[in-house]
Amino acid sequence: MPRSKSADGPGRLTTRRTAIVVAAVTLVVAVGAGVGALALRRHPGGDVASAPPPVTTTKVTRADLSDTRSVGGTLGFGPERLVKGAGEGVVTRLPKVGDTVTRGKPLYWVNDRPVPVLFGGVPLFRTLDKPGLVGSDVRIVSDNLKALGYRVGSQPSRGKDGAKIPTGQALLTEVLVTAIKKWQKDLGVEPTGMIAVGQVTVLTGPVRVSTVTALPGDPVAGELLAVSEKVKLVTVPVAATDVGAVKVGGNAAIVLPDGSEITAKVASISQTVRGGGLDGGTGQGSPPTVDVLVAPTRAADVAKLDAAAVQVRFTTAVHKNVLAVPVGALVALREGGHALQLPDGGLVAVQTGMFARGLVEISGTGVTEGLDVVTAS
């Protein structure tokens, strides 16, 4: 039987084309729906804009900030001081390196006579042999004998001539002469009550013998030995332009060679400026420095070290109970100065103070303790 044209004719072709189109449209709709759903997960609420990244915030706090600076130094017994003999005679006995010398005890011997130590800042520059003498050398003798337990009596306000005795000086009284005789007897020398130049050595305090340069048999008039501090100190050469920020009695920290850190105090500041001259090799000037002596708080902390290179950190300024934020919270303004950024994007202008340990001191209108600000760290 002949095949009907309607079975394979235009009608069937039309039906197939329609099915293909419908399938294609369905696929496009499905893909579009999937993309739309994906877009909605990435941008909740259908918002196509990128969400802002989260910010890190910190609070304005109150803190104690301190400014410090580190300088290299040398641990030892401090700078040496020469001791010179005076008068006439021959050195017959000398101390050993490492010996300690205290008030009233002999430092060396001349013609077998002990030369004891007195503490003070003025050498005995004349023979004290006549009651009525007034001077700073008499004050040295009076103060030291009193410290050694001898009765020196009270000091009058005026000398025998009626003149007022200046501050820092004293009158050689009969009572003081008697005390000198008793002291000389205790030393094992003739109790004359007279002290000649060279019979006593005046030092600033207890010392340690660091070097002996003379030999028995040498004339006493000359360099005999050198002394240093009894306790170990760190000598720190500080730039002369910076030494004004270091104060005697101020806190310091010493970093030892093993990395450990010990507490210390500034013991003294030299009055002598070193360096500052031209280097003959380069023609350039070396920066002038001033020696600062730093004493460990506990001598036991450096008992095992005779000498060492160390670092010393000085506390040069302290600002207590100030408002502070991490340095990363500062925003540099285009027109100059700094500000803090609030979490909502607003800016608060601030004035900066001390920078220390990653913090910065701040002040300004609207800056209060507990304020939330944006920080980069």
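Below is a table of values for the structure above.
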quantity	calculated
Residue that is most open to solvent (accessible area, probe 1.4 Å) [pool: residues in the stretch 54-81 that are farther than 30 Å from Val209 by Cα and either part of a loop (DSSP other than H, G, I, E, B) or without any contact (Cβ under 8 Å) to a residue 12 or more places away in the chain (or both)]	Pro54
Selection status of Gly162, assigned to a loop (DSSP other than H, G, I, E, B) and crowded, with 16+ Cβ neighbours inside 10 Å	no
Test: residue in the stretch 205-220 that is more than 20 Å from Val101 (Cβ to Cβ) and in contact (Cβ under 8 Å) with a residue 24 or more places away in the chain	yes
Hey, Val152 surrounded by 16 or more Cβ atoms within 10 Å (Cβ to Cβ), outside any loop (DSSP other than H, G, I, E, B) and either among the hydrophobic types (A, V, I, L, M, F, W, C) or on the phi > 0 side of the Ramachandran plot (or both) or not	no
Complete set of residues in the stretch 84-116 that are of a type in the set (A, V, I, L, M) and over 30 Å from Gly250 (Cα atoms)	Ala86, Val90, Val91, Leu94, Val97, Leu107, Val110, Val115
Filter pass, Glu223 being more than 11 Å from the chain's Cα centre (by Cα), open to solvent by 20 Å² or more (accessible area, probe 1.4 Å), within 24 Å of Val207 (Cβ to Cβ) and at pLDDT 95 or above	yes
Condition met for Ala324 (of a type in the set (Gly, Ala, Ser) and more than 21 Å from the chain's Cα centre (by Cα))	yes
Lone qualifier among Phe77, Phe125 - being within 30 Å of Ala307 (Cβ to Cβ) and of a type in the set (Phe, Trp, Tyr)	Phe77
Residue in the stretch 363-375 that is surrounded by the fewest Cβ atoms within 10 Å (Cβ to Cβ), counting only those that are assigned to a strand (DSSP E or B) and either in contact (Cβ under 8 Å) with a residue 60 or more places away in the chain or of a type in the set (Phe, Trp, Tyr) (or both)	Asp372
Residue match in the stretch 342-362 (condition: buried (at least 18 other Cβ atoms within 10 Å of the Cβ), small (Gly, Ala, Ser), closer than 30 Å to Thr263 by Cα and out of contact with any Lys or Arg (no Cβ under 7 Å at 6 or more places or on another chain))	yes
Test result for Leu305, over 27 Å from Ala245 (Cβ atoms), in contact (Cβ under 8 Å) with a residue 60 or more places away in the chain and either of a type outside the set (D, E, K, R) or touching a Gly at 6+ places or on another chain (Cβ under 7 Å) (or both)	yes
Filtered residues of the stretch 239-254 (kept if out of contact with any helix residue (DSSP H, G or I) (no Cβ under 9 Å at 6 or more places or on another chain), in a strand (DSSP E or B), of a type in the set (A, V, I, L, M, F, W, C) and surrounded by 16 or more Cβ atoms within 10 Å (Cβ to Cβ))	Ala252, Ala253
Unique match (being touching a residue at least 24 places away in the same chain (Cβ under 8 Å) and more than 29 Å from Thr74 (Cβ to Cβ)) among Ile262, Ile195	Ile195
Any hit, the stretch 301-322, residues being farther than 15 Å from Arg62 by Cα, in a loop (DSSP other than H, G, I, E, B) and β-branched (Val, Ile, Thr)	no
Only one of Leu75, Leu118, Leu145 that is more than 26 Å from Val236 (Cα to Cα) and in contact with a strand residue (DSSP E or B) (Cβ under 6 Å, 6 or more places away or on another chain)	Leu118
Residues (over 27 Å from Leu148 (Cβ atoms) and either of a type in the set (Gly, Ala, Ser) or in a loop (DSSP other than H, G, I, E, B) (or both)) located in the stretch 222-231	Gly222
Residue match in the stretch 285-298 (condition: in contact with a Ser or Thr (Cβ under 7 Å, 6 or more places away or on another chain), open to solvent by 70 Å² or more (accessible area, probe 1.4 Å) and modelled with pLDDT of 95 or more)	yes
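The values are calculated or read from the model by the stated rules, or taken from the named source; none is laboratory data. Given the structure is predicted, the values throughout are model-derived calculations rather than measurements. In this analysis, Cβ positions are derived from the backbone assuming ideal geometry, glycine residues included, and neighbour counts consider all displayed protein chains. Surface accessibility is based on the protein's heavy atoms, side chains included, excluding ligands, DNA and RNA. Shrake-Rupley method; radii C 1.70, N 1.55, O 1.52, S 1.80 Å.
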